[in-house]
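We did not get these values from a lab; they are worked out from the coordinates using the rules stated. From a predicted model like this one, the values you see are computed outputs, not experimental measurements. Here the Cβ positions follow ideal geometry from the backbone for every residue, glycine too, while neighbour counts run over all protein chains shown.
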Amino acid sequence: MNRIDRVEHDGVVAEISESSISVEIVSKSACASCHAKSVCAVGDSAVKIIEVPLTIGTMAADCKVGDRVKVILDSSLGVNAVWIAYVAPLALLLASILVFSSIGMRDLYTGLLSVGVVALYYVILSFFRNRLSRIFTFSIEPNNQ
């Protein structure tokens, strides 16, 4: 796969279980490399755990806890995730505001119901969590740095 066709993050193997490998990645803000980050309250970083299912392609036999690896996601899956998580809810919010406003509903109720529509979208999305986790799967490869 071409490097442009995938999203990579460096990480460290935190745990290996029978069904998955847990990889710890550090998510940094854009200003993490700034020389003033120690005195600035804006810059931050967060540790995230990514579960990589054990398949033939995950190099499970070669991984040990503490190994440095790259967590890889196909970029088309990343685009799909952005659509599901951000674009669709925004479209629902705007459409519901337009619909509720056009039928003459008061602004307070329009806002509350529109936010409720988006909340309902995320509740429904949470019911499909298992199906989505099978679609959005990560893979790993050794980090040669």
Residues T137, T110, sorted so that the one with the fewest Cβ neighbours within 10 Å comes first: T137, T110
Long-range amide H partners of D67 with built H, under 5 Å: V13
Burial ordering of S20, S133, fewest other beta-carbon atoms within 10 Å first: S133, S20
Order of K48, K64 - criterion: other Cβ atoms within 10 Å of each residue's Cβ, fewest first: K64, K48
Length gained when the stretch E51-S76 is fully extended (0.36 nm per residue, less Cα-Cα span): 7.1 nm
